[in-house]
1. Rounded, prolate or oblate, given the Cα gyration tensor of segment 107-170, with a/c below 1.5 counting as rounded?
2. Would you check the accessible area of Lys98, probe 1.4 Å, heavy atoms only, in square angstrom rounded to 10?
3. By the gyration tensor of its Cα atoms, with a ≥ b ≥ c the square roots of the eigenvalues, what is the shape of segment 159-233: rounded for a/c under 1.5, prolate for a/b over b/c, or oblate?
4. If you count only protein heavy atoms with a 1.4 Å probe, what accessible area per residue comes out for segment 113-189, rounded to a whole Å²?
5. What helices does the chain hold that run 15 Å or longer along their axis, going by alpha-carbon atoms, with a Kyte-Doolittle average of -1.0 or more, using DSSP H for the helix calls?
6. Considering only protein heavy atoms, what per residue accessible area in square angstrom results for segment 191-274 with a 1.4 angstrom probe?
7. At 222 nm, what value in deg cm²/dmol follows for the chain if DSSP H runs of at least 4 each add -39500 (n - 2.57) and the sum is divided by all its residues, to the nearest 500?
8. Taking 0.36 nm per intervening residue step and subtracting the Cα-Cα distance, what contour gain separates Asp296 from Lys98 on full extension?
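The values are calculated or read from the model by the stated rules, or taken from the named source; none is laboratory data. Please read all numbers here as calculations on a predicted model, not as lab measurements. Virtual Cβ from ideal backbone geometry, glycine too; neighbours counted across all protein chains shown. Side chains are part of the model used for accessible areas, which takes the heavy atoms of the whole protein and leaves out ligands, DNA and RNA. Shrake-Rupley method; radii C 1.70, N 1.55, O 1.52, S 1.80 Å.
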Amino acid sequence: MSLASAAVSPLPAPLSGTPLLQAESLTVRFEAPDGPFDVVRDVSFAVRPGRTFCLVGESGCGKSMTARALLGLVPEPGRLAGGRILFQGDDLATLPEKSMERVRGRDIGMIFQEPMTSLNPVIRVGDQVAEPLIRHLRLSRKAALAEAAELFRQVGIPAPEMRLRDYPHQLSGGMRQRVMIAMALACKPRLLLADEPTTALDVTIQGQILALLGDLARERGMGLLLITHDLGVVAEMADEVGVMYAGRIVERAPVRELFGEPLHPYTRGLIRSAPTLDTPPSARLDAIPGTVPPPDKLPQGCPFRPRCPDAHARCAEEPPAFILESPGGARESRCWLAETR
Ligand SMILES: Nc1ncnc2c1ncn2[C@@H]1O[C@H](COP(=O)(O)OP(=O)(O)O)[C@@H](O)[C@H]1O
Ligand code: SF4
Ligand SMILES: [Mg+2]
């Protein structure tokens, strides 16, 4: 049976359950002297309670900008030029900044590697974790510190009461990242955004921290939007996956389907070039040739065409608008090949 349908789905249909957050057709645009260009284009996905949605793709594909757009943190001279962000009955795209400040850190927790949310070197970590509890939940300092100790315990920081008094430099990288997670979780957010939260850590710690995030999401019924360039992380963590290329989601699928039968040539290339446990260290991986095009210099037609082993005449003419849907609409692929399946 052909699963192909010519309809362009405006919304990803639910995997199961009502989504916590629904991003619809997000577009992030930058103004430049030569004219505007889009770094995120028509991106739609949903994050469900207790589930993990992974955004994956090479560096420069627009993953971080998508997360920033969700939080109203697109840097100038960029802006959210289109789309809706449905969260708890609101469209975050239209909320005033004052309300967004409440959403960030209280309803939506975030863990980034960037200085924006990294720890303050001159404030004790206990006070840093207590701060959002005092500000957003109006706890007393004493109650907030007690809660901070409890959070430290939950994220696996040994001797939590003693660690509260430490400054960031007194902690290892893994412990600092746990403090960041504790901070992000302090106000019991419904949704956690984690942008490459473990990239700087060694593999063992990385595994522990990711497992912790997955457990917390399931236990608390929290949605997790996890951004990574690492397919190993995706395989380990994701329920659903959006593969991003040149600012677009080019394939979206439940994790098993994505690895079992990747539809988009970019996804297939990523999987071929990812090391697995069985890959001998000496093996040469089948890397995708070429690089991600900059958003202001996209090739005509399909943006992946210059690197695509399956490119054909039509791919140069028009970008694939075609979306393949499985019954229930959980899968889509932006590729002309999908039409002939
Ligand atoms: N402040 C900015 N001004 C203009 N372009 C930017 C800015 N920040 C990021 N970009 C561009 O947006 C694209 C997507 O970046 P990003 O979202 O950081 O990618 P990823 O997180 O997938 O590595 C890249 O081409 C990047 O160069
Ligand atoms: S549309 Fe063409 S160039 Fe683009 S991914 Fe599909 S086959 Fe490759
Ligand atoms: Mg990034």
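1. Values: a/c = 1.42, a/b = 1.05, b/c = 1.35.
Because its axes are fairly even, with a/c under 1.5, segment 107-170 counts as rounded.
2. 150 Å²
3. Details: a/c = 2.08, a/b = 1.23, b/c = 1.69.
Oblate shape, in that a/c is at least 1.5 and b/c is the bigger or equal ratio.
4. Working: 3950 Å² over 77 residues.
Accessible area per residue: 51 Å².
5. Working: long enough: 125-137 (18 Å, 0.16); 141-154 (19 Å, -0.29); 173-185 (18 Å, 0.65); 203-220 (25 Å, 0.42).
Taking the DSSP H segments of the chain (at least 15 Å long, mean hydropathy at least -1.0), we get 125-137, 141-154, 173-185, 203-220.
6. Working: 2890 Å² over 84 residues.
Using a 1.4 Å probe on heavy atoms only, each residue of segment 191-274 averages 34 Å².
7. On the way: 11 runs with 103 residues, N = 341.
Value at 222 nm, helices only: -8500 deg cm²/dmol.
8. Working: separation 198, 0.36 × 198 = 71.28 nm, distance 3.24 nm.
Full-extension gain reported as 68.0 nm.
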